[in-house]
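Here is the structure we will look at.
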Amino acid sequence: MEQPILVQKYGGSSVADPRRLQQVAQRVVEARQQGYRVVVVVSAMGDTTDQLMQMAHEITDHPPRRELDMLLSAGERISMALLSMAIHKLGHEAISFTGSQSGILTNDRHFDARIIEVRPVRIQDELERNKIVIVAGFQGMSYKREITTLGRGGSDTTAVALAAALKAEACEICSDVDGVYSADPRIIPKAEHIAEISYDAMEALARAGAKVLHADAITWAQKHGVALYARATSSKFGQPSGTLVRCDRDLEDISLLRPAIACQDKLLWMTIEAQTHHHPTIAAWWTNHKLTSVNSQWHTHHVEALFRHNDRELVAQALDHQPPGITIQRHPESVALISLVGEGIDRDPQWLQHGIDLLTQASLPVYFTQTDTFRASFLLPSQCQEQAQKLLYQGIRSHTYNTVLQAPRSARSQKSKAKSQKSLEEKKNK
Ligand code: ADP
Ligand code: ASP
Ligand code: MG
């Protein structure tokens, strides 16, 4: 019988230096020895991507996005070749491939491309030859045969897209944290570990800024039914650990019963004074300048829009070519959108109310708030984001609400069934 395929992804901190690369090589070899055909996706070493970005900006304020892709994709190439060497040294055969060699085809949006299709022919050939295949994360090739990158944190998406295309048994995303927590454990050390989480809840958490898993990776995983694990690189291979992200049916342990907290930091904020009939002009202006907002609110007299710091050049270029007759205010300070995340949060206004109370009582400026199915969000200056997350976590998580935020119905009914079964048994035993 064919051995199952496992895709593992190791992030920047896990491959930050040769010693850590050797530890990763050891963990990869353990997976191979336990009977898996292994494909490993790697990120650039440590802060390499940031350093390359900085060098580009020392040369020019407006680096062309095509050239940024050529530059940044080199970071992952370094890790892939070194990891392959480390695996050879352990006596196993390995081969490294770039994104384009791995058949990762993307659209042509440089610096923030989307994967359109994966044709992993060369990977399949090498797996058949019993090799461990190492793939450079975060990159692909557009249909114009140009090298593209997938947006910051995009190696997770490479791993999941490959796992789907190869019909892998599972995909492990390994980093410096042992899974998903109810808040960033670096900021809230008491955050609760989440053992299992649905795709929907995880995607909402990731889109709200929990960078432990990239949001696009979750979308792929859900679409193709990939079983996704977030684990610590330091965990022993094969031992149950971390967080399992999977379909939400029949899950007992959905831990978003109280909202989690996530933060999108370093955002650029624009207020556009425009009437409703100007909205198509604004949308066309964004499209022409390849701008995608992280978040936008379209009102009768104005539009509020948030953009990623990474898109600052595009924003600056767009502002140099403003549509006539529309006044645009670019707020100078960097802002953070902090969200309480839990399914159905918009159905109960007390989450928003309590959140605003907590922040304003501490004299933190809240510029605006908004809700959607999974989020109640607050916009604040970036410099307040840590304090705000701590206040919200303490206040919200210690508060008892009328509404229990939603675990999926099937899980809830199973939970309540299990509870009533338990109390029946307790009664019987009395
Ligand atoms: P990698 O470089 O391996 O891809 P990342 O830095 O992208 O790793 O993601 C891991 C980091 O995500 C952790 O160090 C942690 O600080 C942060 N993080 C943010 N929110 C969460 C959360 N809810 N659960 C776990 N980690 C989180
Ligand atoms: N190296 C890229 C980054 O730092 C991609 C990744 O790590 O996933 O964003
Ligand atoms: Mg990451």
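Details
- Ordered by the number of other Cβ atoms lying within 10 Å of each residue's own Cβ, fewest first, Lys131, Lys190 fall into the sequence Lys190, Lys131.
- Whether the stretch 114-219 is rounded, prolate or oblate, judged on the alpha carbon gyration tensor where a/c under 1.5 counts as rounded: prolate
- Length available on full extension from Gln353 to Arg186: 0.36 nm per residue minus the Cα-Cα distance, which gives 57.5 nm.
- Packing rank of 141-151, 161-171, 50-60, where each peptide gets the mean count of other beta carbons within 10 Å, highest leading: 161-171, 141-151, 50-60
- J(HN,Hα) series, the stretch 103-113, from Karplus relation 6.51 cos²θ - 1.76 cosθ + 1.60, nearest Hz, glycine and proline x: x, 8, 9, 10, 6, 9, 7, 4, 6, 7, 6
- The packing ranking of peptides 2-8, 183-189, highest mean first, is 2-8, 183-189, where packing means the average number of other beta carbon atoms within 10 angstrom of each residue.
- Peptides 191-201, 32-42 ranked from most to least packed, by the mean per-residue count of other Cβ atoms within 10 Å: 32-42, 191-201.
- Cross-link pairs exceeding 20 Å between alpha carbons, from the set Lys266/Lys390; Lys190/Lys211; Lys9/Lys211; Lys211/Lys266; Lys223/Lys290; Lys9/Lys236: Lys223/Lys290.
- The residues neighbouring Ser14, those whose beta-carbon lies less than 10 Å from its own, together hold a net charge of +2 under the Lys/Arg +1, Asp/Glu -1 convention.
- Mean residue ellipticity at 222 nm, helices only, the chain: -11500 deg cm²/dmol; runs of at least 4 DSSP H residues each add -39,500 (n - 2.57), and the sum is divided by the number of residues.
- Relative contact order of the chain, pairs being alpha-carbon contacts under 8 Å that are 6 or more residues apart, as %: 13 percent
- When its C-alpha radius of gyration is set against 2.2 N^0.38 Å (N residues), the chain gives a value of 1.04.
- Additional length obtainable on full extension of the chain from Asp265 to Thr287, 0.36 nm per residue less Cα span: 5.6 nm
Every read-out reported here was derived from the displayed coordinates using simple, explicitly stated rules and does not represent laboratory data. What you see is a predicted model; the values in this text were computed from it and never measured. Positions of Cβ are generated from backbone atoms using ideal geometry, with glycine treated the same way; all protein chains shown enter the neighbour counts.
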